[in-house]
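Working notes, structure below.
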Amino acid sequence: MKNMLVTGGCGFIGTNFIRYLLEESDFKGCVVNVDALTYAGNPMNLKEIEQKFTERYAFIQTDICNKADISRIFNDYEIDTICHFAAESHVDRSIAGPDTFIQTNIFGTFNLLELARENQGRIELFHHISTDEVFGSLGKEGYFTEETAYKPNSPYSASKAASDHLVRAYHKTYDLPVTISNCSNNYGPYQFPEKLLPLMILNALEGEPLPVYGDGLNVRDWLYVRDHCTAIWTIMKDGKRGETYNIGGETEMENIRIVEMVCDILDELPASKRDTPRRELIEFVKDRPGHDRRYAIDFTKLTREFGWMPEESLESGIRKTIRWYLDNQVWVDRVRSGEYQTWIKEQYG
C-alpha cells in the first residue's frame, strides 16, 4: 500500500485516521485526502498535517459522486488503496432529508467501486467503513456479530446497508480486494457538535439544556476514535480480503448514563466549576422516529484473529474527550459560529 485515497478525511473519523496513519502507524506511503467539505468537513483539522508531511499528504476538494474528478485523482496519484469514510452520517438529518444520504452513501460508493474495478491491476485494497446501525435494533440480550442479518431502520442506516452490499458484490462478482468494518458509536477529538457527546459537553460547559431523547434508556456501545483507527489499520494490513470485521469499544451504556457521566466529570474539574450540579440541565425531549433501542457489538473475530482490543475505557475516553474540547476552544468557536465555512470558501471557492 503506497498511495492511499482516504475519502471524507476532513470529517471526524477521517481526520483522526489520517493523523494516526501519518503520525503513529507504520504506514510509509502517501495519503490523498478527498472531501467535498460539506457542513461537517473541516480542512483546518489537518492544517498542521499538511505542513508537517508535505511530501506524503495532499488534500483535494471534490465530491465522491464526481466520477471525472475522482478518476483523475486515481490516475494522477497512482492510487492503489482506498479507505472509504465519506458519508452523510447523522440520523436526524437523514430523517429530514434522505435524498443526500442516498446520493452520497450509495451512488458515491458505487463511483469509487467502479474506479477501483477499472484500475484493478494496481488496487491492493478497498476498505469500506460502515456502522452497526445496519443491523437494526437489539433486545435486552445478545450482540451484533458479523453474521447478523441486516435490518436498517433509518434512511441513514439503509443507505449504509446498501453501500455494504455493493462492496461485497464487487468482491464476489469482480474479485475486487475488499474489507468492511462495522463499528459502534465513535467519540473523541474533532467530532462535530451535533453528535451526542460533544453536544452534551459543550452545552454543559455553557450551562445550556442537555436534551435527551425519549426516556434516555437507549443503549449504545461507545468506541473511542483512536481505538477505531488502530482497528481499521489492523484490518487493512492483516484482514482477509472479502471479510467483514466488527469493531466495538466494549462499553455498552444507556444514553442517560453517558450524559450523567459527562456532567459529573465536568463538575469535578476545577476549570469548569459551577454553583449547581450539571445534572439539573438534563431535559427529556420527544424521541426521534424509528429510534433503535439498543446496539451492542461482538468484536470477538477481531480479537481472535489479530489480538486487537480497545485501549480506552468509557470513563478514560470521555475524560480525554472533555479535556480536548476544553483545550481547543478556538476550534470549537470556529465550528459553532460557522467561521470555518467562511475560511473554506476563501481557500477553496
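Quick note: the coordinates plus some simple rules give every number you see, no bench work behind them. What you see is a predicted model, and the numbers here were worked out from it, not measured in a lab. Counting neighbours? That spans all protein chains shown, and the Cβs are built from the backbone with ideal geometry, glycine included.
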Practice prompt. Select from the stretch 1-25 the residues that are of a type in the set (A, V, I, L, M, F, W, C), within 17 Å of Glu88 (Cα to Cα) and part of a helix (DSSP H, G or I) and list them in ascending order.
Written response: Phe12, Ile13
Fill in: Subset of the stretch 51-68 [under 16 Å from Ile79 (Cα atoms) and in a strand (DSSP E or B)]
Tyr57, Ala58, Phe59, Ile60
Worksheet entry | Index of the failed condition, Asn186 passing every other in (1) within 30 Å of Asp333 (Cβ to Cβ); (2) without any contact (Cβ under 8 Å) to a residue 24 or more places away in the chain; (3) touching a helix residue (DSSP H, G or I) at 6+ places or on another chain (Cβ under 8 Å) | (2)
Discussion item. Among the residues of the stretch 211-222, are any surrounded by 13 or more Cβ atoms within 10 Å (Cβ to Cβ) and within 17 Å of His128 (Cα to Cα)?
Written reply: no
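Okay, residues lined up against (1) outside any loop (DSSP other than H, G, I, E, B); (2) surrounded by 20 or more Cβ atoms within 10 Å (Cβ to Cβ); (3) touching a residue at least 60 places away in the same chain (Cβ under 8 Å):
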| position | (1), (2), (3) |
| --- | --- |
| Ala271 | yes, no, no |
| Thr276 | no, no, no |
| Lys301 | yes, no, yes |
| Glu315 | yes, no, no |
Fill in: Residue list for the stretch 221-244, restricted to those being farther than 29 Å from Arg293 by Cβ and not in a loop (DSSP other than H, G, I, E, B)
Thr230, Trp233, Thr234, Met236, Lys237, Asp238
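Going through the stretch 245-269 one residue at a time, which ones are part of a loop (DSSP other than H, G, I, E, B) and not aliphatic (A, V, I, L, M)?
So the first thing to find is which residues in the stretch 245-269 are part of a loop (DSSP other than H, G, I, E, B), and the list is 248-251, 269.
Residues satisfying the conditions are Gly248, Gly249, Glu250, Thr251.
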Worksheet entry | Count of residues meeting criterion [among the charged types (D, E, K, R) and under 13 Å from Asn182 (Cα atoms)] in the stretch 127-151 | 4
